[in-house]
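One structure is given below, encoded as structure tokens.
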Amino acid sequence: MFTLDLFADQPRSTGERRQLGPGAWLLEGFAFEQAAELLAAIEAVQAESPFRHLVTPGGFTMSVAMTNCGRLGWASDLSGYRYSPLDPLTRAPWPPLPEVFATLAASAAITAGYPPFEPDACLINAYAPGARLSLHQDKDEQDLAAPIVSVSLGLPAVFLFGGHKRNDPVTRYHLQHGDVVVWGGEDRLRFHGVSPVKAGEHPLVGNRRLNLTFRKVTA
Ligand code: SIN
Ligand code: FE2
């Protein structure tokens with residue numbers, strides 16, 4: 001049932017495709033089968049480019065820890081937000097996009113009705129219990145024709161999906177391990193965020209939530 005499904009915290013291996021907007025879809029369990037492979041790839045990325053807590057231009061340290069892979073990585077510091085081919089921490093290129101990431105992102109985009117998607121950036125977010133992401137738009141990308149593909153692993157979370165203005169009403173969606181959200185087209189610039197993650201223990205991921213966010217930065 002709709003309501004039970006929305007609030008259940010049990011992993012789901014197959015699921016509904018729920019439309020969240022004209023160009024936005026929640027693909028329940030879409031990445032469930034590849035989770036172990038995705039986690040191994042995240043381990044390899046973080047061995048090269050470790051998770052770190054970035055500082056916002058406003059001087060706040062983010063509660064979510066981040067790293068990147070792919071040709072470009074997203075970073076923030078006191079001087080602003082930017083995409084860069086080098087990891088500012090290691091001064092080396094970000095680790096390449098693992099094949100399993102590229103394949104998953106492309107098939108999720110196709111499933112949501114988008115043309116072939118070749119992301120050049122993947123932000124990896126790690127949420128310890130209590131970590132949250134305040135409402136924001138993904139608008140540092142030049143290519144706004146391509147969608148955003150966002151993969152959830154580990155502890156469940158509440159995804160906040162708002163409108164085009166910061167104060168527009170927000171709908172809450174429960175995201176579970178293996179869920180994928182795709183938003184593009186007229187939904188591409190909608191505000192979104194993540195409520196503070198509740199403590200728990202996920203059998204594969206432990207006491208945290210991981211998220212992969214695929215973007216096409218350069219047109
Ligand atoms: C993001 O907006 O970068 C991440 C969203 C999420 O963690 O689900
Ligand atoms: Fe975002």
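Computed from the coordinates by the stated procedures, all read-outs in this text should not be read as laboratory data. Only a predicted model underlies this, so the values are computations on that prediction, with no experimental measurement involved. A quick note on method: Cβ atoms are made from the backbone with ideal geometry, for glycine too, and the neighbour counts reach across all protein chains shown.
Details
- Eligible lysines near Lys216 by straight Cα distance, threshold 19 Å, same-chain separation 8 or greater: Lys139
- Estimated inter-spin distance, Ser134 and Leu189, nm [label 7 Å along Cα→Cβ]: 2.1
- Cβ charges +1 (Lys, Arg) and -1 (Asp, Glu), total dipole of the chain, debye: 600
- Relative exposure of Val55, Val64, judged by other C-beta atoms within 10 Å (fewest first): Val55, Val64
- Rounded to the nearest 500, the helix-only mean residue ellipticity at 222 nm of the chain stands at -4500 deg cm²/dmol, with each DSSP H run of n ≥ 4 adding -39,500 (n - 2.57).
- Computed across the chain, the Kirkwood hydrodynamic radius from all distinct Cα-Cα pairs reaches 17.3 Å.
- Relative contact order %, the chain, counting alpha carbon pairs below 8 Å whose residues are six or more apart: 25
- Stretch in the chain that is longest and holds no trypsin sites (Lys or Arg not before Pro) that DSSP places in a loop and that have at most 15 other beta carbons within 10 Å: 13-90
- Counted residue by residue at 0.36 nm each, then reduced by the alpha carbon distance between them, the extension gain from Ile110 to Ala219 reaches 37.4 nm.
- Across Ala92, Ala145, Ala75, mean-square fluctuation computed from a Gaussian network of the chain (C-alpha pairs under 10 Å connected) peaks at Ala92.
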